[in-house]
Amino acid sequence: MRSPTQSTTWRRRERGRLPRDFWLRRLEQLDPETDYAEIYGIIVRHEFPWDLNQSLSFALFRTYAVPSIGVLLQQTGEFTERTQKRYDDTTLLLDAMGEHGLDSEEGRAALRRMNQMHAMYDISNDDLRYVLSTFVVVPIRWLDEHGWRPMTEREKVASALYYRDLGRHMGIKDMPGTWREIAALLDSYEAEHFAYDPRAREVADATLRLMATFPPNDKAPARLVIRFSRAFMDEPLLAAFRYPRPTAAERRAARATLRARAAWLRRQPPRLTPLYVRDLPNIRSYPGGYDVRDLGTFAPTGPGRMSGCPHQPPA
């Protein structure tokens, strides 16, 4: 005979409505020091897929605000002339590493492709380390403010360790050890390096225009979507691009929209089927499928010919 607790769980399962903290209970059984990849997979594909995608989209803007990064992206033309493809390629490569793991053939191929692209340009270790820090810190802060629940300490530790491991495979040196140290690095780097450059602003403008085309944003006038997006940017980021400051009403409306979404999500059952980035409607460059080995940019080797980078960082 089932106990009352067992009966309640059984009835929920029978109705397809497991308890909302289903994944949280699973996470509590995992050790972030050793199971960080599994924990991060649950975070990004089950608990917060939309929020992680949104927060990492806004993390891109923070990297543009560092002129040595934003100007390089403008000079390559990747984020101004091929914005959708560059957005898709970056997202799909990162997702392949997360889905398959860095010890898998597919994960190694995605990592190799990303390292090849970075090796084509003179990018400092400090800039690479800063970009990686945004992947850790921005989602934590986004969920603290807009998520249906904040990340737990276990999830924050796992996220930091996941990206430390990725950074090691990218050859990034001196990555801080904890998420708090990574957050301190991000804040100090932005305080020192955020600055206006019209070329970096061009990259930010192109990305905002792209975001206005994503469903369901495409149902609203692009001008309003862009204003709504800027309402989520903090003052240092706005100043770095010389964007107009959102009105108090715009900020309140933007935050109220996400508060309403969070309240609705708290009443929903847990997501059992993983949601991968490739399944999102804003990924549109490869309707017929893709091979991670073909994503991104390649170094030209002759008229009309492209091939891989002549040298490659450690994978």
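The values are calculated or read from the model by the stated rules, or taken from the named source; none is laboratory data. Worth saying up front: this structure is predicted, and the values here are computed from it rather than measured. Glycine also receives a Cβ, built like all others from the backbone with ideal geometry; neighbour counts cover every protein chain displayed.
Only a single criterion out of (1) in a helix (DSSP H, G or I); (2) over 26 Å from Met151 (Cα atoms); (3) out of contact with any Phe, Trp or Tyr (no Cβ under 7 Å at 6 or more places or on another chain) is not satisfied by Ser188, namely (2).
Determine, yes or no, whether Ala253 is more than 18 Å from the chain's Cα centre (by Cα) and under 23 Å from Pro150 (Cα atoms). In short, yes. Just name the residue that is nearest to the chain's Cα centre (by Cα) out of those in the stretch 71-121 that are among the basic types (Lys, Arg) and surrounded by 17 or more Cβ atoms within 10 Å (Cβ to Cβ). Checking each candidate, the answer is Arg86. The single condition among (1) assigned to a loop (DSSP other than H, G, I, E, B); (2) more than 30 Å from Ser124 (Cα to Cα) that Glu33 does not satisfy is (2). Only residues that are touching a residue at least 24 places away in the same chain (Cβ under 8 Å) and surrounded by fewer than 18 Cβ atoms within 10 Å (Cβ to Cβ) were counted in the stretch 214-230, giving 1. Which one is nearest to Asp51 (Cα to Cα), of the residues in the stretch 236-256 that are loosely packed, with under 13 Cβ neighbours inside 10 Å and not charged (D, E, K, R)? Here the residue is Ala256.
Among the residues of the stretch 100-123, those identified as within 19 Å of Glu78 (Cα to Cα) and part of a loop (DSSP other than H, G, I, E, B) are Met120, Tyr121, Asp122, Ile123. The residue that is farthest from Tyr40 (Cα to Cα), among those in the stretch 166-185 that are part of a loop (DSSP other than H, G, I, E, B) and in contact (Cβ under 8 Å) with a residue 60 or more places away in the chain, is Gly171. Of the numbered criteria (1) over 13 Å from the mean Cα position of the chain (by Cα); (2) surrounded by 22 or more Cβ atoms within 10 Å (Cβ to Cβ), the one Leu52 fails is (1). The residues on offer are Arg149, Arg129, Arg168, Arg164, and the sole one that is over 27 Å from Leu73 (Cα atoms) and out of contact with any Phe, Trp or Tyr (no Cβ under 7 Å at 6 or more places or on another chain) is Arg149. When Ser57, Ser68 are checked against the criterion of being within 20 Å of Leu128 (Cβ to Cβ), modelled with pLDDT under 95 and of a type in the set (S, T, N, Q), Ser57 stands alone in meeting it. Considering only the stretch 231-260, state which residues are touching a residue at least 60 places away in the same chain (Cβ under 8 Å) and of a type in the set (Lys, Arg). Matches in the stretch 231-260: Arg255, Arg259.
Residues in the stretch 51-82 that are free of Cβ contacts under 8 Å to residues at least 12 places away in the same chain and in a helix (DSSP H, G or I): Glu81 only.
Every residue, every condition in (1) farther than 28 Å from Phe214 by Cα; (2) of a type outside the set (A, V, I, L, M, F, W, C), yes or no:
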site: Glu78; (1), (2): no, yes
site: Leu92; (1), (2): no, no
site: Glu99; (1), (2): no, yes
site: Glu105; (1), (2): yes, yes
site: Arg113; (1), (2): no, yes
site: His118; (1), (2): no, yes
site: Ile123; (1), (2): yes, no
